[in-house]
Amino acid sequence: MIYVMSDVHGEYQKYLNMLELIQFSDKDSLFILGDVVDRGSEPVSVLKDMMLRPNVFPIMGNHDFLAYYLLSKLGSSITGETIENTLEVDEVQDILEWIDDGGASTVAQFQKLTPEERQDILDYIAEFPFYETIDVGENTFILVHAGLGNFRPDKKLSEYSAADLITTREDPDRRFFDNEHIYIITGHTPTPLISGKPEIYHSANNIYIDCGACFESGRLACLCLDTMQEFYI
């Protein structure tokens, strides 16, 4: 079976519980559509588990992208002195804004790693693609964190910028393709902000699967592309 989930945001126990719920095995594939890190208490634990599973395929999210950039800037040691001595003023501001937006948990776990483990984590995130396409039966699914920003019907996926794919919020009710068998699956925008409910949102061949796992009233969602069955933790 082929599964997708998104915006785990450091909710390690929910992530493990979801793998148990779907009875995830070596015969299955799981695509995680970005924002593995930040906010929840164990983002590095999620990453380390993903790294051990050859059938788990990450896609870049805006939080992952920013974490990679800023943690790479900080290098092997993360202290107040490091920040002050190695970063420009605007980079320090970026660090502070990131920490305020959930990055504190990522930094806290990252600090506890050895230099070798830190580099392994950074190398892993650096390889996250910005999108994937997958065919299941007669349907084609475009898997991307935020959506297809600055969309044009004739625009190739490779022509979209990082910002188009990981930060832009599109109209969830807009139909992008005339072909009824092409679906866009995204995270990024929590579905409670769209429908008022922490459940997967379907509209005009758009499927939003970020159900706010890191929020008190949210849930971690997973969708099976073979059956379109929805799972929640």
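Of all residues in the range 184-232, which are of a type in the set (A, V, I, L, M), surrounded by 20 or more Cβ atoms within 10 Å (Cβ to Cβ) and part of a loop (DSSP other than H, G, I, E, B)? The answer is Ile200, Ile209, Ala213, Leu220, Leu225.
In the range 100-112 there is no residue matching the filter, namely being closer than 21 Å to Ile32 by Cβ, surrounded by fewer than 17 Cβ atoms within 10 Å (Cβ to Cβ) and at pLDDT 90 or above. Residues in the range 1-27 that are free of Cβ contacts under 8 Å to residues at least 60 places away in the same chain and either over 14 Å from Cys214 (Cα atoms) or among the small types (Gly, Ala, Ser) (or both): Leu16, Leu19, Glu20, Gln23, Phe24, Ser25, Asp26, Lys27.
Of everything in the range 37-78, what is in contact with a Ser or Thr (Cβ under 6 Å, 6 or more places away or on another chain), closer than 19 Å to Asn17 by Cα and either surrounded by fewer than 21 Cβ atoms within 10 Å (Cβ to Cβ) or of a type in the set (S, T, N, Q) (or both)? Give them in sequence order. If the condition is that a residue be in contact with a Ser or Thr (Cβ under 6 Å, 6 or more places away or on another chain), closer than 19 Å to Asn17 by Cα and either surrounded by fewer than 21 Cβ atoms within 10 Å (Cβ to Cβ) or of a type in the set (S, T, N, Q) (or both), then Ser41, Asn55 are the ones that fit.
Residue-level analysis places Gly34 outside the set of residues that are over 10 Å from the mean Cα position of the chain (by Cα), surrounded by 21 or more Cβ atoms within 10 Å (Cβ to Cβ) and not in a helix (DSSP H, G or I). Annotation: of all residues in the range 146-179 being modelled with pLDDT of 95 or more and among the hydroxyl-bearing types (Ser, Thr, Tyr), the one that is surrounded by the most Cβ atoms within 10 Å (Cβ to Cβ) is Tyr160.
The values are calculated or read from the model by the stated rules, or taken from the named source; none is laboratory data. None of these values were measured; they are calculated from a predicted model. Glycine gets a Cβ as well: all are built from the backbone with ideal geometry, and neighbour counts include every protein chain shown.
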